[in-house]
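I have placed the structure first, in the form of structure tokens, so that the comments after it can refer back to it.
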């Protein structure tokens, strides 16, 4: 008789991890420059207010 093999995989596959890393990279490329530009923008606004 055929025995059923029980697979309790609790981890992530390499493909799943790669997809997450790619998504995080895309988000970092989009958000990073906006965050890095904020201090310069704040300086310009402060200079206009003075």
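Numerical summary
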read-out: In degrees, nearest ten, helix 14-49 long axis to first principal axis of the chain (Cα); value: 10 degrees
read-out: Identified option (computed Rg and Dmax of the Cα atoms in Å; candidates (i) 11.0, 32; (ii) 23.7, 85; (iii) 13.4, 39); value: (ii)
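All of the numbers you see were taken from the coordinates with simple rules; none came from a lab. What you see is a predicted model; the values in this text were computed from it and never measured.
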